[in-house]
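Below is one structure, written out as structure tokens; comments come after it.
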Amino acid sequence: MARRAPDADSVPRVRHRPLLFLPLLLLFAAAPAAAQTGSRQTATVQFTEQRPGTSSGLRIRIAYNPGAGGAKPFAVQRVVTALAPGATIDTSAPARCGLSDADLIANGARGCPGASIVGSGVATFSALDANPTTTMDVTLINNANELIFLASTQGGSGARLVIRSPIRGATITTEVPRLPGGPPDGIVAIRTADLRIGATPGYITTPKVCPASGAFANSGVFTYFDGVTQTVPSLSACVDLTAPAITLAGIPRRGCARRDVRARVRIDDNSALRGVVVRLNGRKLKTTRSKRFSVRVRKARMRKGRNRNRVTVTAVDARGNRFVRTRRFTRCS
């Protein structure tokens, strides 16, 4: 006997709340991910500055991998984003926005100091497999020990959502709200996020030293609503373009050298040294990799005549950056 299709009025209807949280969630999910075959997400979290010890922005891009047959992605619940060891996030550097959530939802970021807006981006999400993707504009706002995500739906609806993500050291932790969606899991899923944080002086600073690998290692831990946790690295190129700084002391600046001279050398550089050479009038006196040392310059090897002697220190760091410091002086007759 054929079964009669149920009346339309008898079929349960799923009611969906405005999905304003997702774009913000996207941000956080995006921050820690890195491309990884077979993972639930492909993403990059990269400094905009490749030099060590330099104020930098961040570019966060993420795409959550679709399920079987192109179904919506798994819904992420928590994302812990950690910048590379030695990096810093100083929320006292930019201006801060102390507005309440209610103020931000009612008026957007207009009431915040302009300098407290540290970035922006776009996020997309889906409640159902067959749903068109929903897009939200995201504004990133600085406050004390937190990054505020203010999301606004595109299309002029004016709907907004605020999510606050605490910052501890160089780590951002985000709890993603469970937003009701359609099958198979009944949760709204983030699809993509593309976010940019500007290079506000002193806000985000790259580590002081380039790793031997030539890349800073950011990382993130993704925890999904179904209990699965994935840890993903995200590499960001590091290029040390700064030459060593050399301080040379102990060489007479005035008068003349009456006896042997002990030259004191100090070299400041974020990376290790490939080598340092000290010469007197072109003749090698010392070779080392130390950043602080002294070398004896014998009077017997000095030339007679005004300013005819030249001590030269050449330093090359591990990245091949080279600097030369020269000091001329006179030997007493």
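The values are calculated or read from the model by the stated rules, or taken from the named source; none is laboratory data. Just so it is clear, the model here is predicted, and its values are computed rather than measured. Reconstructed Cβ throughout: ideal geometry from the backbone, glycine too, with neighbour counts over all protein chains shown.
Values for this structure:
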item: Residue that is modelled with the lowest pLDDT [pool: residues in segment 201-235 that are more than 12 Å from the chain's Cα centre (by Cα) and polar (S, T, N, Q)]; result: Ser213
item: Only listed residue being within 24 Å of Gln41 (Cβ to Cβ) and modelled with pLDDT under 90, chosen from Leu150, Leu128; result: Leu128
item: Answer from Leu280, Leu241, Leu248 - the residue that is in contact (Cβ under 8 Å) with a residue 24 or more places away in the chain and more than 42 Å from the chain's Cα centre (by Cα); result: Leu280
item: Test for Ala257: is it surrounded by 11 or more Cβ atoms within 10 Å (Cβ to Cβ), outside the structural domain of Ala212 (by TED's automatic domain parsing) and touching a helix residue (DSSP H, G or I) at 6+ places or on another chain (Cβ under 7 Å); result: yes
item: Residue within segment 207-230 that is among the hydrophobic types (A, V, I, L, M, F, W, C), under 30 Å from Asp103 (Cβ atoms) and not in a loop (DSSP other than H, G, I, E, B) present; result: no
item: Qualifying residues in segment 236-287 (those that are aliphatic (A, V, I, L, M) and outside any strand (DSSP E or B)) - the one modelled with the lowest pLDDT; result: Leu241
item: Scan of segment 45-62 for residues that are out of contact with any Asp or Glu (no Cβ under 6 Å at 6 or more places or on another chain), in a strand (DSSP E or B) and modelled with pLDDT of 85 or more, ordered by number; result: Val45, Gln46, Phe47, Ser55, Leu58, Arg59, Ile60
item: Single residue of segment 125-137 satisfying the filter (in contact (Cβ under 8 Å) with a residue 12 or more places away in the chain and surrounded by fewer than 20 Cβ atoms within 10 Å (Cβ to Cβ)) that is nearest to Gly186 (Cα to Cα); result: Leu128
item: Qualifying residues in segment 131-147 (those that are within 18 Å of Thr174 (Cβ to Cβ) and of a type in the set (Val, Ile, Thr)) - the one modelled with the highest pLDDT; result: Ile141
item: Filter result for the condition that a residue is in the same structural domain as Thr174 (by TED's automatic domain parsing) and either among the aromatic types (Phe, Trp, Tyr) or under 21 Å from Leu179 (Cα atoms) (or both), over Leu99, Leu128; result: Leu128
item: Those residues of segment 292-333 which are without any contact (Cβ under 8 Å) to a residue 60 or more places away in the chain and either of a type in the set (Asp, Glu) or in contact with an Asp or Glu (Cβ under 7 Å, 6 or more places away or on another chain) (or both), in sequence order; result: Arg296, Val297, Arg298, Lys299
item: Inter-residue pairs, beta-carbon under 6 Å, first in the same structural domain as Ala93 (by TED's automatic domain parsing) and in segment 191-204, second assigned to a strand (DSSP E or B) and aromatic (Phe, Trp, Tyr), 6+ apart; result: Arg191/Tyr64; Arg191/Phe125
item: Failed item, numbered, when Thr91 is tested on (1) polar (S, T, N, Q); (2) assigned to a strand (DSSP E or B); (3) closer than 30 Å to Cys238 by Cβ; result: (2)
item: Filtered residue count, segment 157-185, keeping only those that are in contact (Cβ under 8 Å) with a residue 40 or more places away in the chain and outside any strand (DSSP E or B); result: 12
item: Residue in segment 88-102 that is among the hydroxyl-bearing types (Ser, Thr, Tyr), surrounded by fewer than 22 Cβ atoms within 10 Å (Cβ to Cβ) and under 15 Å from the mean Cα position of the chain (by Cα) present; result: yes
item: Segments classed as strands (runs of 3 or more DSSP E), wholly inside segment 288-333, with at least 3 members that are touching a helix residue (DSSP H, G or I) at 6+ places or on another chain (Cβ under 6 Å) and in the same structural domain as Asp269 (by TED's automatic domain parsing); result: none
